[in-house]
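The values are calculated or read from the model by the stated rules, or taken from the named source; none is laboratory data. Predicted model, so just to flag it, every value in this text is computed and none were measured. Note that each Cβ is placed from the backbone with ideal geometry, even for glycine, and that neighbours are counted across all protein chains shown. With ligands, DNA and RNA removed, areas are computed over all heavy atoms of the protein, side chains included. Shrake-Rupley method; radii C 1.70, N 1.55, O 1.52, S 1.80 Å.
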Amino acid sequence: MASVPLWLYTTAGCHLCARLEATLQALGADVTLTRVEIAFDAQLSERYATRIPVLASASGAEYSLADGEEALPGWLRAQGVEQGVDRTPPARRDSGVEPQGHVMRHGRRFLR
C-alpha cells in the first residue's frame, strides 16, 4: 500500500507537535507528512493557533490532540493509513547479527 499524504499544521517549538509526530512513528503509520507552518499565514494562525497540532487528510478530515490520543489510530484507519509498518531502511533493521566495531561494558554497547 502506498504512503498516505497528511498535512501537519504546526509552528516552531511546538512540543505537542513533536509528541504527535512521535506517536505517528510509534504507531508505524505509513504517511508522507507535510508540515505547514501557521505563523506566516494570518488565516491559518486564526484557524489553528489554539488547536495545533492538527493533522489533515486530502479529503479535508482533521484530527487534533483535543480529539484524544486514543482516537488517532481509528482516524488514521479512516484515512486509509496502514499502521504497524516498519519504516526502518533495510540496512538498519536488526538482523540478529551484532554490529562490528563495538565493545560491551556493563550491558551497554559502545562503538569503538
Practice prompt. Kindly provide the set of residues from segment 1-38 that are in contact with a Ser or Thr (Cβ under 8 Å, 6 or more places away or on another chain) and under 20 Å from VAL85 (Cα atoms), ordered by number.
Written response: SER3, VAL4, PRO5, LEU6, TRP7, LEU8, ASP30, VAL31, THR32
Fill in: Count of segment 20-58 residues which are over 9 Å from THR10 (Cα atoms), part of a strand (DSSP E or B) and not hydrophobic (A, V, I, L, M, F, W, C)
3
Worksheet item: Scanning segment 76-86 for residues that are of a type in the set (A, V, I, L, M, F, W, C) and modelled with pLDDT under 95, which turns out surrounded by the fewest Cβ atoms within 10 Å (Cβ to Cβ)?
Response: VAL85
Practice prompt. Please state which of the following conditions THR23 fails to meet, knowing it meets all the rest: (1) at pLDDT 95 or above; (2) open to solvent by less than 70 Å² (accessible area, probe 1.4 Å).
Written response: (1)
Worksheet, complete the sentence: Out of (1) surrounded by 15 or more Cβ atoms within 10 Å (Cβ to Cβ); (2) at pLDDT below 95, the one LEU6 does not meet is (2)
Discussion item. It is to be established whether one or more residues within segment 87-108 are under 15 Å from VAL4 (Cβ atoms) and at pLDDT 70 or above.
Written reply: no
Practice prompt. Keeping to segment 37-54, report how many residues are open to solvent by 30 Å² or more (accessible area, probe 1.4 Å) and over 18 Å from the mean Cα position of the chain (by Cα).
Written response: 11
Worksheet item: Out of the residues in segment 59-75 that are outside any helix (DSSP H, G or I) and open to solvent by less than 60 Å² (accessible area, probe 1.4 Å), which is farthest from VAL4 (Cα to Cα)?
Response: GLY68
